[in-house]
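The block underneath contains the structure these notes are about, expressed in structure tokens.
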Amino acid sequence: MVKIEHLYKFFNEKEVLHDISCEFEPGKTNLIIGQSGSGKTVLMKCLIGLYEAEKGRILYDHRDFIKMSKKEKKIIRQEMGVLFQGGALFDSMTVKENVMFPLIMLSDLNDAEKNDRVNFCLERVKLQDTHHFYPSQISGGMKKRVAIARSIALNPKYLFCDEPNSGLDPKTSLVIDELISEITHEYQITTIVNTHDMNSVMAIGETVSFIFEGKLWWKGNNENVLFTDNKELNEFVYASKFAQQLKAIK
Amino acid sequence: MNKISLLKFGQINVNNMRLNLLELILQDIGEYLLLMKRVFAIPENKRYFRKQIVDEINSLCIDSLLIVSVISIFMGAVITIQTNLQVENPLLPSWTIGFVVRQSVVLEFAPTIISVFLAGKIGSRIASEIGTMKVTEQVDALETMGINSASHLIFPKIIGCSLINPLLIVISIFLGLFGGWCACEFLGTIPSSQYIEGIRSWFVLRDIFYALIKTFFFAFLMSSISGFWGYKTTGGALEVGKTSTQAVVNSSFLILLFDLILTQIFLG
């Protein structure tokens with residue numbers, strides 16, 4: 001379980017996150033939604049330790065991440081898998097080497113075990129025939145799937161996905177969403193997904209947290225996100241004309 | 001505004017600009033030292049680190065061998081022709097041309113000019129490679145895995161350059177002298193036997209050590225400064241271009257500055 005308590009983040013003197021408190025449950029896909037610039041990426045970067053929050057607590061199974069020493073943070077980071085917006089695959093490495101990388105650097109497995117694990121992860125994301133390709137030789141959706149394979153290579157307890165569907169067509173987005181959801185349930189991972197894609201919200205949003213102007217504005221799930229009275233959330237959910245027409249029909 | 005107040009206004013602006021520039025320089029030096037503190041850390045995986053060093057030696061230095069060889073041969077030939085043209089004194093024996101060419105190549109042209117050239121080639125490559133990794137979140141990916149990204153990316157490059165650049169300079173010295181010999185043999189600048197006699201006269205091994213020590217310093221400067229500028233990159237493609245230019249400009253300037261300092265220390 002990941003728990004945030006009264007989290008504040010400032011850039012210079014500008015408050016970007018204001019008193020955020022929420023819980024992300026294990027074995028569920030926990031979505032953070034909000035407009036661009038609302039602070040959801042900053043929140044995720046605070047959670048994975050790329051930014052340091054000024055105030056508040058981030059608890060990983062009751063372990064306070066902010067107060068940890070560098071060594072303790074290093075250990076907990078090995079329990080995290082992160083899927084970045086663009087995939088963040090290493091350009092100079094092949095698909096196989098990308099997935100193998102965390103195993104080489106951080107595990108005690110022997111070469112045969114590493115190979116087995118890489119094959120398993122790539123098969124899990126249905127990319128068993130792409131071992132020797134470089135990231136520049138594969139499509140955007142495949143890059144995301146390789147990034148997922150890399151992020152699960154070390155059997156993470158926590159999986160963070162920043163805009164996993166950005167730049168993908170709706171069909172490929174669905175594949176990525178389903179993959180994230182399946183992996184979450186299969187390995188009982190606490191998964192936190194940053195998104196502004198309403199298709200993802202409806203497909204995999206078991207818990208949904210809406211961030212507005214740096215504050216946690218609303219919390220619910222994909223079943224009640226469409227029927228809320230919250231004005232700001234409604235403006236976000238029904239931003240497109242298509243969604244507004246659907247709402248009118250409903 | 002009268003003339004006096006305009007002057008004062010101008011002085012304040014100039015002083016502010018100087019202060020800002022000084023602040024920026026001090027800030028960069030501070031950031032550089034802090035980054036170096038992170039860079040010189042025990043590698044996460046020593047076997048992988050050794051592989052990285054070999055890869056860096058191959059991609060940064062061995063790739064430069066051909067162009068360094070070509071430049072050195074032409075440089076040696078041109079120095080020989082130029083020196084011969086400038087020293088048209090019947091009292092000076094022809095072999096002095098060989099002696100002057102050797103001293104010029106060993107003491108300055110090979111270690112300094114080739115290092116400035118390598119700062120352009122290797123420096124821009126290091127800065128743009130790390131800069132691109134920074135803007136495409138590859139560096140963040142390393143950090144979130146619990147890997148010291150600064151050490152992982154910059155340390156092997158510094159070791160690779162510092163180990164192999166002195167070797168490149170030794171090759172450059174030999175090829176520079178060979179270029180001079182070619183000018184004598186094929187263009188008839190001076191008799192080649194005289195040239196060989198010149199390059200063998202008053203040879204002091206200390207000059208070679210001095211050239212190698214300089215090269216080692218220059219290799220460290222170009223790789224660490226380029227790594228620093230690459231690591232400092234934020235934004236997008238435009239910033240990657242800007243930081244790689246900054247890396248080359250700063251490395252070249254500091255190579256020339258340290259050339260002066262080291263020459264004064266060792267030979268002054």
For this session: Mind telling me which of the residues A:Leu31, A:Leu43 ends up being out of contact with any helix residue (DSSP H, G or I) (no Cβ under 9 Å at 6 or more places or on another chain), surrounded by 23 or more Cβ atoms within 10 Å (Cβ to Cβ) and not in a loop (DSSP other than H, G, I, E, B)?
Result: A:Leu43
Problem set entry | Condition check for B:Val100: among the aliphatic types (A, V, I, L, M), part of a helix (DSSP H, G or I) and surrounded by 17 or more Cβ atoms within 10 Å (Cβ to Cβ) | yes
Exercise. Mind checking which residues of the stretch A:196-220 are modelled with pLDDT of 90 or more, in a loop (DSSP other than H, G, I, E, B) and of a type outside the set (Asp, Glu)?
Worked result: A:Gly205, A:Gly214
Problem set entry | Residue selected from the stretch A:107-132 under the condition in contact with a Lys or Arg (Cβ under 9 Å, 6 or more places away or on another chain) and among the hydrophobic types (A, V, I, L, M, F, W, C), by the criterion surrounded by the fewest Cβ atoms within 10 Å (Cβ to Cβ) | A:Leu109
Problem set entry | Residues (under 13 Å from A:Pro156 (Cα atoms), within 9 Å of chain B (Cβ to nearest Cβ) and surrounded by 15 or more Cβ atoms within 10 Å (Cβ to Cβ)) located in the stretch A:52-85 | A:Ile76, A:Arg77, A:Gln78, A:Met80, A:Gly81, A:Val82
Problem set entry | Residue tally, condition within 19 Å of B:Gly30 (Cβ to Cβ) and among the charged types (D, E, K, R), over the stretch B:201-232 | 1
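Residue by residue, here is whether (1) closer than 17 Å to B:Ser64 by Cβ; (2) in a helix (DSSP H, G or I) holds:
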site	(1), (2)
B:Ser172	yes, yes
B:Tyr210	no, yes
B:Met222	yes, yes
B:Gly235	no, no
Exercise. Identify, please: which residue in the stretch B:110-164 is more than 11 Å from every other protein chain (Cβ to nearest Cβ), among the β-branched types (Val, Ile, Thr) and surrounded by fewer than 23 Cβ atoms within 10 Å (Cβ to Cβ) and is, among those, farthest from B:Pro43 (Cα to Cα)?
Worked result: B:Ile113
Seminar exercise, completed: When (1) in contact (Cβ under 8 Å) with a residue 24 or more places away in the chain; (2) farther than 23 Å from A:Pro135 by Cβ; (3) out of contact with any helix residue (DSSP H, G or I) (no Cβ under 9 Å at 6 or more places or on another chain) are applied to A:Ile58, the one that fails is (3)
Seminar exercise, completed: Those residues of the stretch A:29-51 that are within 14 Å of another protein chain (Cβ to nearest Cβ) and of a type in the set (A, V, I, L, M, F, W, C) come to a total of 6
For this session: Might you check whether a residue that is in contact with a strand residue (DSSP E or B) (Cβ under 8 Å, 6 or more places away or on another chain) and in contact (Cβ under 8 Å) with a residue 60 or more places away in the chain occurs anywhere in the stretch A:165-178?
Result: no
For this session: Could you grab me the full set of residues in the stretch A:47-68 that are of a type outside the set (Gly, Ala, Ser) and touching a strand residue (DSSP E or B) at 6+ places or on another chain (Cβ under 7 Å)?
Result: A:Leu47, A:Ile48, A:Tyr51, A:Glu54, A:Lys55, A:Arg57, A:Ile58, A:Leu59, A:Tyr60, A:Asp64, A:Phe65, A:Ile66
Seminar exercise, completed: Being facing chain B (nearest Cβ under 10 Å), in contact (Cβ under 8 Å) with a residue 40 or more places away in the chain and basic (Lys, Arg) narrows A:Arg124, A:Arg150 down to just A:Arg150
Exercise. Would you say B:Trp181 is of a type in the set (Phe, Trp, Tyr) and either assigned to a loop (DSSP other than H, G, I, E, B) or surrounded by 22 or more Cβ atoms within 10 Å (Cβ to Cβ) (or both)?
Worked result: no
Exercise. Among A:Thr191, A:Thr130, which is touching a Ser or Thr at 6+ places or on another chain (Cβ under 9 Å), outside any helix (DSSP H, G or I), over 30 Å from B:Ile126 (Cβ atoms) and of a type outside the set (Lys, Arg)?
Worked result: A:Thr191
Exercise. Inside the stretch B:40-54, can you point out the residues that are touching a residue at least 40 places away in the same chain (Cβ under 8 Å) and either surrounded by 14 or more Cβ atoms within 10 Å (Cβ to Cβ) or touching an Asp or Glu at 6+ places or on another chain (Cβ under 9 Å) (or both)?
Worked result: B:Pro43, B:Glu44, B:Phe49, B:Gln52, B:Ile53
Exercise. Among (1) over 21 Å from B:Leu260 (Cα atoms); (2) away from chain A (no Cβ under 14 Å), which single condition is B:Leu107 missing?
Worked result: (1)
For this session: For B:Pro93, work out the one condition from (1) under 30 Å from B:Gln246 (Cβ atoms); (2) out of contact with any Gly (no Cβ under 6 Å at 6 or more places or on another chain) it doesn't fulfil.
Result: (1)
Problem set entry | Every pair of residues 6+ apart whose Cβ atoms lie under 9 Å, when the first sits in the stretch A:20-47 and is on the phi > 0 side of the Ramachandran plot while the second is aromatic (Phe, Trp, Tyr) | A:Gly27/A:Tyr187; A:Gly34/A:Phe210; A:Gly34/A:Phe212; A:Gly34/A:Trp217; A:Gly34/A:Phe236; A:Gly39/A:Phe212
Exercise. Taking the condition surrounded by fewer than 24 Cβ atoms within 10 Å (Cβ to Cβ), in contact (Cβ under 8 Å) with a residue 12 or more places away in the chain and not polar (S, T, N, Q), does B:Leu238 pass?
Worked result: no
Exercise. Which of the residues that make up the stretch A:86-117 are more than 11 Å from chain B (Cβ to nearest Cβ) and within 19 Å of A:Tyr158 (Cα to Cα)?
Worked result: A:Val99, A:Arg117
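The values are calculated or read from the model by the stated rules, or taken from the named source; none is laboratory data. Everything numeric here is computed off the predicted structure, so don't read it as measured data. For neighbour counting, all protein chains shown are included, and Cβ atoms are generated from backbone atoms with ideal geometry for every residue, glycine included.
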